[in-house]
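Written below as structure tokens is the structure these notes are about.
The values are calculated or read from the model by the stated rules, or taken from the named source; none is laboratory data. The structure displayed is predicted, hence computed values, not measured ones. Every residue, glycine as well, gets a Cβ built from its backbone with ideal geometry; the counts of neighbours run over all protein chains shown. When the accessible area is computed, the model is the full protein with side chains, heavy atoms only, and any ligands, DNA or RNA have been set aside. Shrake-Rupley method; radii C 1.70, N 1.55, O 1.52, S 1.80 Å.
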Amino acid sequence: MADIWFDVVCPWAWITSRWILEVESVRPVRARWNVMSLAILNAENEKTELYQQLMDQSLESGRILMAAASAARAAGDDPSMVLGRLYTEMGSRFHLQAQPLSSELYAEALTAAGLPADLAEVAGSDAYDEELRTSHDDAMARVGRKVGTPVVAVSGNAFFGPVITPSPRGEEAGVLWDGVMAVSRFEGFFELKRTRTRKPSFE
């Protein structure tokens, strides 16, 4: 089982999440979906007006996801599966179709994921903020706070990333998974990084 924490607004998390889905087809791995929040992570940081708008969308989408997970638990359904479906619907519209995150997108995504469209109404409510923070803090407790999204945890080991583009397909996805698993097993391994030379690609 691979736990992955995501924020809908992050393009890098979207690419990594699609990689995880590809890994499921070539390795004995299953994703368990969780929500983290860039809005919470960056709450104390100075922001441009444009970035603040993105953080507002992060909070809105996170609230809706937590409401969907709560509804799934109440109905006896697997909240991870519901989160995975809803993330795919939200992310496809936002990242692939370049639709703005809005009440219209949220309602469309909820309906497509088989959920009540009126869950979109919680975007402007703080009713699920405590649950969102709890989920976010779970990720931070595993990997530390000097990271971004996504966070992945497998067999007691957690890490930020990998930050990749585009998402590997087929056996290449499996090879990357094998490498990430190998380095993540070392307790003292913290970072392997190079300067990004390209923008996120959703191919």
**Request:** On the full set of protein chains, 1.4 Å probe, figure out the accessible area of TRP12 and give it in Å² to the nearest 10.
**Result:** 40 Å²
**Request:** Could you grab the relative contact order for the stretch 108-203? Cα pairs under 8 Å, six or more apart, rounded to a whole percent.
**Result:** 18 percent
**Asked** What is the calculated FRET efficiency for THR134 to ASP78, with r their C-beta to C-beta distance and R₀ = 22 Å, to the nearest 0.05?
**Response** 0.75
**Prompt:** Roughly how big is the chain's charge dipole about its Cα centre, with Cβ charges of +1 (Lys, Arg) and -1 (Asp, Glu), in debye to the nearest 20?
**Reply:** 840 debye
**Complete:** Taking Cα atoms, the helix 170-184 axis meets the longest principal axis of the chain at an angle in degrees (rounded to 10) of 80 degrees
**Accessible area, probe 1.4 Å, largest first, for residues ARG145, ARG93** = ARG145, ARG93
**Message:** At 1.4 Å probe size, put TYR87, TYR51 in order of accessible surface, largest to smallest.
**Reply:** TYR51, TYR87
**Request:** Could you tally the net charge around ASP78, taking each other residue with its Cβ under 15 Å from the Cβ of ASP78, Lys/Arg +1 and Asp/Glu -1?
**Result:** +2
**Request:** List the relative contact order of the stretch 1-136 as a percent without decimals, with contacts defined as Cα pairs under 8 Å and 6+ residues apart.
**Result:** 28 percent
**Folded to 0 to 90 degrees: helix 11-24 orientation relative to the chain principal axis, Cα** = 70 degrees
**Message:** Quick check on the chain: helices-only [θ] at 222 nm, where DSSP H runs of length 4 and up contribute -39,500 (n - 2.57) each and the sum goes over total residues. Nearest 500, please.
**Reply:** -15500 deg cm²/dmol
**Request:** Could you state the angle between the C-alpha long axis of helix 129-143 and the longest principal axis of the C-alpha atoms of the chain, as a value from 0 to 90 degrees rounded to the nearest 10?
**Result:** 10 degrees
**Item:** Cα-based Kirkwood hydrodynamic radius, the stretch 11-53, one decimal, Å
**Value:** 12.8 Å
